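**Q** Here it is, the structure in full.
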Amino acid sequence: MREQAVFEARQLLRHSTVCVMSTLSKNLAGYPFGSVTPFMSDDQGRLIFYIAGIAQHSRNLTADSRVCATIFDAAQSGDQNEHARVTIVGDATPVPDEEAAELLLRYERHFPEAISYRQAHDFKLWRMDIKRVRYIAGFGQIFWLEADEWAQPAANWDLASEAHMVAHMNDDHQDANQLILRLVHNVDAAEVTMTTILTEGCYLRANDKSYYVSFDTRCEDATAVRKALVRLTKAARAQFDEAVES
């Protein structure tokens, strides 16, 4: 049951691009300060934020690294309490300079609008290390998940290798991107761009929106990623060819 809770909570994380980020206010000492903030996540389940130096969160985190991120499945109607939500608690620190350049390129693929932030307000990447996770699947389905349950091993490829795989899919397999997006999310778009590859899945972007696609198994290396994408593409072609024939 706990393994299922971890899986569901991580899926909610992967399918989200914004959270309510809460830090401890420097201006109003001791009080929590929350606002809506874009984020991306890495293979290990850590959250990455890109925050302006003048922002309240940046000032708060510089003084106190403790932070909380709340992600929820917004109800279109009915009772919001019946929908899943995850609260991730931890500490955020600036990404070291030796990692920041390539990680920023990934962030900008994920959020293209962030490219314009480079020249504004001294933006900086922050990475949140996880201390504990609270997952609520619905009424009576409540879990505290520990850091060692939440964490996953890092990918066996670096950010430069990931960027190469992404570029290959976009340059040579645009049709596969389109097929996979249509298969998983029922979205038919003229232009589909892959932005991110994780061990558990990948992100596709179309019509100014990101879509997460889960792999059928965790990928240990680049060869496994290629095989997972081939399986998805073949499944899509088989499904759509069958629909045309019928």
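The values are calculated or read from the model by the stated rules, or taken from the named source; none is laboratory data. It should be emphasised that the depicted structure is a prediction, and the values quoted were computed from it without experimental measurement. Neighbour counts are summed over all protein chains in view; Cβ atoms, including those assigned to glycine, are modelled from backbone coordinates with ideal geometry. Please note that ligands, DNA and RNA were not included when accessible areas were found on the heavy atoms of the full protein model with its side chains. Shrake-Rupley method; radii C 1.70, N 1.55, O 1.52, S 1.80 Å.
**Q** How would you classify segment 7-109 from its alpha-carbon gyration tensor, with a ≥ b ≥ c the square roots of the eigenvalues: rounded for a/c under 1.5, else prolate if a/b is greater than b/c, otherwise oblate? Show your work: numbers first, answer last.
**A** Working: a/c = 2.14, a/b = 1.23, b/c = 1.74.
Because a/c hits 1.5 or more and a/b fails to exceed b/c, segment 7-109 counts as oblate.
**Q** While we're here: From the list [x] 7, 29, 34, 23, 6, 1, 0; [y] 7, 30, 32, 19, 10, 2, 0; [z] 8, 36, 39, 15, 2, 0, can you say which value of P(r) over Cα pairs in 10 Å bins from 0, in percent was derived from the structure given?
**A** [x]
**Q** Here is a follow-up. Solvent-accessible area per residue for segment 165-246 at a 1.4 Å probe radius, Å²?
**A** Numbers: 4300 Å² over 82 residues.
For segment 165-246, the per-residue accessible area is 52 Å².
**Q** Among Ile115, Ile136, Ile180, which one shows the highest mean-square fluctuation when the chain is modelled as a Gaussian network with alpha-carbon springs under 10 Å?
**A** Ile115
**Q** Moving on. Just name one of Ala163, Phe139, Leu24: the one whose Cα is farthest towards the positive end of the charge dipole of the chain (beta-carbon charges, Lys/Arg +1, Asp/Glu -1).
**A** Most positive-ward Cα: Leu24.
**Q** A follow-up question, please. Applying 1/(1 + (r/R0)^6) with R0 = 41 Å to the Cβ-Cβ distance of Glu99 and Asp241, what FRET efficiency is obtained, to the nearest 0.05?
**A** Details: r = 44 Å, r/R0 = 1.06.
After rounding to 0.05, the efficiency reads 0.40.
**Q** Run through segment 173-215 and list the chymotrypsin sites (Phe, Trp or Tyr not before Pro) located in a DSSP loop whose Cβ has at most 14 other Cβ atoms within 10 Å. Can you show the working numbers first?
**A** On the way: sites: Tyr203, Tyr211, Tyr212, Phe215; in loops: Phe215.
When the chymotrypsin sites (Phe, Trp or Tyr not before Pro) of segment 173-215 are filtered for loop state and at most 14 Cβ neighbours within 10 Å, nothing remains.
**Q** List the chymotrypsin sites (Phe, Trp or Tyr not before Pro) in segment 1-102 that DSSP assigns to loop (not H, G, I, E or B) and whose Cβ has at most 12 other Cβ atoms within 10 Å. Which are they?
**A** Numbers: sites: Phe7, Phe33, Phe39, Phe49, Tyr50, Phe72; in loops: Phe39.
Listed in order of number, the matching sites amount to none.
**Q** For a Förster distance of 22 Å, can you work out the FRET efficiency between the beta-carbons of Asn27 and Ala120, rounded to the nearest 0.05? Don't skip to the end; give the middle numbers.
**A** Values: r = 22 Å, r/R0 = 1.00.
E(calc), rounded to 0.05, equals 0.50.
**Q** May I pose another question? Rounded, prolate or oblate for segment 102-194? Axes are the square roots of the Cα gyration tensor eigenvalues, ordered a ≥ b ≥ c, and the cut-off for rounded is a/c under 1.5. Don't jump to the answer; show the numbers that get you there.
**A** On the way: a/c = 1.85, a/b = 1.29, b/c = 1.43.
Oblate.
**Q** Enumerate the lysines that Lys26 could reach by cross-link, defined here as Cα to Cα under 20 Å, with residues fewer than 8 away along the same chain left out.
**A** Within reach: Lys124.
**Q** Of the candidates Arg118, Arg134, Arg59, which one comes out as most mobile in a Gaussian network treatment of the chain with C-alpha springs shorter than 10 Å?
**A** Looking only at Arg118, Arg134, Arg59, the biggest GNM fluctuation is shown by Arg118.
**Q** Leaving ligands, DNA and RNA out of it, report the carbon-plus-sulfur percent of the accessible area of segment 92-246 at a 1.4 Å probe. If you can, show how the numbers build up before the last one.
**A** Details: 4220 of 8510 Å².
Accessible surface attributable to carbon and sulfur in segment 92-246 totals 50 percent.
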